[in-house]
Structures are given as structure tokens and as C-alpha cells.
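The values are calculated or read from the model by the stated rules, or taken from the named source; none is laboratory data. Everything numeric in this text was worked out from a predicted model, so none of it was measured. Using ideal geometry, Cβ is built from the backbone for each residue, glycine included, and neighbour counts are taken over all protein chains shown. Surface accessibility is based on the protein's heavy atoms, side chains included, excluding ligands, DNA and RNA. Shrake-Rupley method; radii C 1.70, N 1.55, O 1.52, S 1.80 Å.
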Amino acid sequence: HFVRYEYQSRGAVHFHCLFWIEGAPVLGNCSEEEASTFIQKFITCRLPDKNSESTLFEIVKKFQVHDCRKYCLRTVKTSSNRFTRLCRFGYPFPSTPKFLLRDVLSSLVGRARNKFKKRLYDLVRTYEERNINSYNPTLSLLWGANMDIQFISENSYAIVEYVCKYLLKGEVSNINCDFSKLAETTGTAFQKYMKFAFTFLKQREMSANEAIDLMLLPGGDLWTSSEKYVWVPTTFPEKRSRTMKTISELEKERERWRKKERELGILGEEE
């Protein structure tokens, strides 16, 4: 899994999550039936029964029903040269009696040509469920808040770009300085660039919630992952501003500390 913390303008935190499921089908390497069965097993938009699933019913009604407002409504021109207001997220979705899985290419082309989202698949939904956001029942009961869950698994560059866009999305900055003065500062080009970069870092908006999380979370990292990584510098050695010490440097440093410890009487001469 990979989880990224993100903060809205008013300070409320939400999360961009990526979950890997063992044995999940990959579009292009599996049949449509396998993919359809897998998606419908974990994702739904159904309205739970009020009597037999009262807790889940309340969660879905409170958090999963989309209500179109100024934030999502866009004015578009129709084929009859008239203007209308449409939701940029595609709500309300059409009621569909059976699950529909589109091919990846038509979905990507639809997203590129349309101003509104064209999903890879349409879940089974009734007329009353047209505004219900996709969710996983188990996660909804545990999370107790809104979610928008999607199946993303295909062999394409587009899906990698899509995932990285959300996981590595930059924070909003509020620059309040005179850039002309930065250009007039003395020093090398590198020094000017560094001053420009630190100006951005110091001017970024930060809510109280984010500041508290930065102090309380381990290492101040606003992300968590089950995958481990090692940072490998790929720039030319002479252009690296920070590098790890070599083995020989570490050995010399070790001997220097051992010598100091002997002088202080912490280590014996035989050591």
C-alpha cells in the first residue's frame, strides 16, 4: 500500500491511497470476465438495506451521495448550440442494469476528447443510486467517511502517469514576494536558483492540522508505504551537493574517535 496525506484549503486532511491486491487481474493479460468479477467483488455503489444493514446505510447516505454544487458544475455548449450545466465528475451516472466494462483505449480516448470523465467501467446501479460514489463496504465501515475507490490495473504508461499525479501532487503555494529582486541578487546561477527554491518553501500555505501532523508523525513524513526504497543519486559525482561517505572515510573517522577514546581512558591500549 501507499498512503499520501493531503490538506485542503480549510485544513481538512484527506488521503490518496494505492492498494496492491495479490492475484488482482491486469487488463490486457486477463479475460473480461475475470476483471468484471474482481471489480464487482470489491467495489459497489448500491444503497444498503436500511433494516438489515443500518450502519452501512447511514454511512452511505451521509458520506457517499454526491451533491452537485458550484465546485463541480461546469457550463458547456450542447450540440443544439444551447448552454447547460454539467457535473465535471459525471454525476448523475446513468442507471445500468448490468455491469459494463469498456476497453482501455476507448476509455483513454474518451477522457482526452471529453471535458468530463469517461470511466473504464459502469457499475450496476438503479435510478436511486445514480449519485452514489463508488465504495468498498468493509472499508466504509472501518473508515466511516467518504471515499472514491477505483480499479486501476493495466499495462500502460497512462496508468503510471495517473497514479503518480495523485501520489506526488504538489502542495499549494502562496508566494508573496518581488521576483525581480530575486533576479537582481548577486551570486552564481546556482545560488540564485537555491534562493528562489527556498523562497517557495518558506511561502507555502500550511494549516494547523498539517503542522501538527508534521510534528507528531514519525519523521514528519506525510506518507506511509509498505514498500521500502533506497535513494540512489543519478547526477554526475562532481555535481552532487550531498553524498554518502566512502568506506575509507568512515574507517578514518572510526580510528579518529577510537584515538580520542583512548586519550580519555575509555578504551584500553590493547583495543
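Quick notes on this one:
- LEU56 being in a loop (DSSP other than H, G, I, E, B) and either open to solvent by 30 Å² or more (accessible area, probe 1.4 Å) or closer than 21 Å to SER140 by Cα (or both): no
- Count of segment 62-84 residues which are assigned to a loop (DSSP other than H, G, I, E, B) and exposed (fewer than 11 other Cβ atoms within 10 Å of the Cβ): 9
- Tally of residues being surrounded by 11 or more Cβ atoms within 10 Å (Cβ to Cβ), on the phi < 0 side of the Ramachandran plot and either among the basic types (Lys, Arg) or outside any strand (DSSP E or B) (or both) across segment 2-20: 3
- Any hit, segment 27-42, residues being farther than 20 Å from ASP122 by Cα and modelled with pLDDT of 90 or more: no
- Residues being open to solvent by 60 Å² or more (accessible area, probe 1.4 Å) and modelled with pLDDT under 60 - total across segment 152-177: 3
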